[in-house]
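Engineer: Can you read through this structure? Questions will come right after.
Every read-out reported here was derived from the displayed coordinates using simple, explicitly stated rules and does not represent laboratory data. In this text the structure is predicted, and so the values were computed from the model without any measurement. Positions of Cβ are backbone-derived with ideal geometry, glycine not excepted, and every protein chain shown enters the neighbour counts.
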Amino acid sequence: MKKFIFVCVVFLSLGVDVGILRADMLWTTVNKPGATGTKLYGVSGDNVVGIGTGSGGGSFLYDGTTWTTLSVPGETSTNVTGIEGNNIVGFAYLNGFQNGFIYDGVSWITVSKPGAANTRFYDISGNNIIATTDSQALIYDGIAWNALSAPGAINVTPKSISGSNVVGTYYLSGGYHGFLYDGTTWTTLDAPGATSTTPMGICDNDIVGYYLVGTTQYGFFYDGTTWTNISVPGATKTYPYAVDDNKIVGYYTDPTGSHGFILTTSVPEPSTLILLVTALTTGVLFHRRKQ
């Protein structure tokens, strides 16, 4: 099993897009060229998917070097939400209605649940895709649509899937809570002191997302035992959206707008590094370990 370990460190802010905390940790800001804002929603290996805002925006795939525009043929708007391997999912608009889509790098397949006006895909793991219509939360395996219905809960909204594990939010006991569903058991996820908790991504046992304490928002990493805050240095708010192996991606806001981020571990020690010190800030470090 894999586990992320977080410890607090003090780092030197470089005042540039990449801030190195230690040899095994790297924050990278990702801004889509020409877009006024960038949000990352999914990660698989070196590939990230997201959406740029403004006139130069739109959905994209970025492999660290090349930006590839993602647009469902014949649809008026494409919203990418998740990726696993070569498969990318999301939803697109046609004549005012939403259709889920799967793109494998070559072919586009649009899917609508029979009888539903709108179908939205959010994430994929193997053959399973989590989806919603206007009235249902679902797992779609390419043939059957299986409802996700938590006992006593309403407004179930799945966000991410990894194997048999699904995370998302539901309304239960007078408030909105995060949940983890393993195919059998529903477990409520509430960050300590939070008024609402929103898990957005899962990989094996690792969960990321954000929560509110009153009106203050925090990003989080949760390994099933420990809740750890994630905050991009200098950001107003941080929204972790997805986790895969040694990467966490999402976006943050600051006075200049929204920016995608990639938080990576196991970065090689640089042979030469000159730090231009602009500020001292407290950050967090995570490290991958197998047991």
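Engineer: Over the range 149-229, what is the mean sequence separation of C-alpha contacts under 8 Å (at least six apart), divided by residue count, expressed as relative contact order in percent?
Structural biologist: 20
Engineer: Oh, and also: Could you give the length gained on full extension between Asn155 and Ser71, defined as 0.36 nm per residue of separation minus the Cα-Cα distance, in nm?
Structural biologist: Answer, rounded to one decimal: 27.3 nm.
Engineer: Normalising by the residue count of the range 21-122, find the relative contact order in percent from Cα pairs under 8 Å and 6+ residues apart.
Structural biologist: Relative contact order for the range 21-122 comes out at 16 percent.
Engineer: Still on this model: Step through the residues of the range 99-109 one at a time and calculate ³J(HN,Hα) from phi using the Karplus curve (6.51 cos²θ - 1.76 cosθ + 1.60, θ = phi - 60°), rounding each to whole Hz and writing x for Gly and Pro.
Structural biologist: Result, ordered by residue: 10, x, 9, 10, 10, 9, x, 10, 10, 9, 10 Hz.
Engineer: Please give the net charge around Thr133, taking every other residue with its beta carbon less than 10 angstrom from that of Thr133, where Lys and Arg add +1 and Asp and Glu add -1. It would help to have the intermediate numbers written out before the result.
Structural biologist: On the way: positive: Lys113, Arg120; negative: Asp134.
That sum, taken over residues with Cβ under 10 Å, equals +1.
Engineer: Be a star and scan the range 154-195 for residues whose amide nitrogen sits under 17 Å from the point 7 Å along the Cα-to-Cβ vector of Thr216.
Structural biologist: Under cut-off, by backbone N: 191-195.
Engineer: Kirkwood Rh, the range 70-147, all Cα pairs: how many Å?
Structural biologist: Numbers: mean 1/r = 0.0818 Å⁻¹.
This gives a value of 12.2 Å.
Engineer: Another question, if that's okay. For a footprinting-style exposure proxy, rank Trp227, Trp67 by other Cβ within 10 Å, fewest first.
Structural biologist: Ranked by crowding around the Cβ, least crowded first: Trp67, Trp227.
Engineer: Expected output is a single nm value to one decimal: the length gained when fully extending between Asn146 and Ser164, i.e. 0.36 nm times separation in residues minus the C-alpha distance. What is it? Provide the component values of the computation, followed by the final result.
Structural biologist: Details: separation 18, 0.36 × 18 = 6.48 nm, distance 1.30 nm.
Contour length minus Cα-Cα distance gives 5.2 nm.
Engineer: Treat each spin label as a single point 7 Å out from the Cα along the C-beta direction, and report the Thr184 to Thr36 distance in nm.
Structural biologist: Taking the simple label geometry, Thr184 and Thr36 are separated by 5.1 nm.
Engineer: Under 1.5 on a/c is rounded, so check that first for the range 149-229, then, if it is not, pick prolate when a/b is larger than b/c and oblate when it is not; a ≥ b ≥ c are the square roots of the alpha carbon gyration tensor eigenvalues.
Structural biologist: Judged from the Cα gyration tensor, the range 149-229 comes out oblate (a/c at least 1.5, b/c at or above a/b).
Engineer: Please list, in order, the residues from the range 137-153 whose amide nitrogen is less than 20 Å from a point placed 7 Å along the Cα→Cβ vector of Ser173.
Structural biologist: 149-153
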